[in-house]
Amino acid sequence: MARSIWTGVISFGLVSVPVSMYTATHEHEVSFHQFEKGTSDRIRYHRVNERTGKEVELDDIVKGADVGGGQYVMLEPDELDEIAPGRSRSLEIHRFVDLGAIDPVHYVKTYYLEPASDETKKTYVLLRTAMAEANRAAIATLVMRGKEYLAAIRPEGDLLVLETMYFADEIRDPRKELDRYPGKVALSRQELRMAARLLESMAGPWRPADFRDTYTERVRDLIDAKIAGNELTPAEEPPAATAVGDLMEVLRRSVEAARERRGAKPPAKPRKKATAAKKQPAAAAKKQPTTTAAAAAAKKGTAAKKLTPPKKLSKAELAKRAAKLGIKGRSTMTRTELERAVAKAA
């Protein structure tokens, strides 16, 4: 079970809701240590007194505020806690805002909030339900680990979720930061229509499980390859920027490629009126025998449809399918290379 990282009270009006806070996410990147190049000697960092050169224990370290002229004011942890004894355990709601009004650039990290006890569950659920029905988020502040945070509390299913946020003065103005702020550019109706068609051809539902960290997978594959004494094929170079003169043609090809990936057919052209000689009764058309080749192709198509897409297979399942398809060099391929090879051979 995860441990709560903060406990306190949500307060709005005269209502108080004791809650516990838990981290909602975790990283899955590969963990590395540092070594001196050409050796197996670990690099380690120590907290060292710059005057004596001796290492200092963490409990013996205090914070010092620079007040200029080489002078510092030393602050003990207890002194910092004493100036906000109540606020360090208070999650004070200042206002409720429309959930869609918050720009996601303000969000920093997500936490789950749970009722601190069974007795407070009803008050918690009342707040969550009222916010969900009004489609509102609560803007609050809290002190945690010696720092004040701006936070948004929002309903999410059965829970209240807290998002720590950047303050307004912590967000950079893109007009001041960017050398080539895009602003407005003249676009033709044809370009907009083609771009809209491309967006529509690539549209789909939001399913987080459809996406994964392929770079971390390649790092793990690289580690496995080095253990086995094999070499890994480098990743492809990024594509070159599209020239303005080629934009319409590239958009058109992109729409066609997206349709092919989805198995969609291009819009059918209007049919010309059939002449009397070309007309054929529907009953007669139904009686025409299916050729052996056509039947085999249809059977093959049906079987292909039943196969699980390569991206949804585990690496072991991919390797097994690659073996059945007779793909050479599969034992040294990365997951991405196996996916491509299987998709091409299927």
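Annotations for the structure displayed:
- Tallying residues that are of a type in the set (A, V, I, L, M, F, W, C), part of a helix (DSSP H, G or I) and surrounded by 11 or more Cβ atoms within 10 Å (Cβ to Cβ) within segment 152-195 yields 2.
- Residues of segment 196-217 that turn out to be in a helix (DSSP H, G or I) and either of a type in the set (V, I, T) or touching a helix residue (DSSP H, G or I) at 6+ places or on another chain (Cβ under 7 Å) (or both), as a count: 6
- Residue match in segment 118-140 (condition: of a type in the set (S, T, N, Q), in contact with a Phe, Trp or Tyr (Cβ under 7 Å, 6 or more places away or on another chain) and not in a loop (DSSP other than H, G, I, E, B)): no
- The residues listed here are R95, R87; of these, the one that is modelled with pLDDT of 90 or more, under 30 Å from A134 (Cβ atoms) and under 36 Å from the mean Cα position of the chain (by Cα) is R95.
- Strands (runs of 3 or more DSSP E) wholly inside segment 24-110 that include at least 2 residues being surrounded by 10 or more Cβ atoms within 10 Å (Cβ to Cβ), touching a residue at least 40 places away in the same chain (Cβ under 8 Å) and in contact with a strand residue (DSSP E or B) (Cβ under 7 Å, 6 or more places away or on another chain): 90-98
- Any hit, segment 244-252, residues being modelled with pLDDT of 50 or more and surrounded by fewer than 10 Cβ atoms within 10 Å (Cβ to Cβ): yes
- Every listed requirement among (1) modelled with pLDDT of 95 or more; (2) surrounded by fewer than 17 Cβ atoms within 10 Å (Cβ to Cβ) is met by A137 save one, (2).
The values are calculated or read from the model by the stated rules, or taken from the named source; none is laboratory data. Being a predicted model, the structure only gives us computed values, none of them experimental. Cβ: placed from backbone, ideal geometry, glycine included. Neighbour counts: every protein chain shown.
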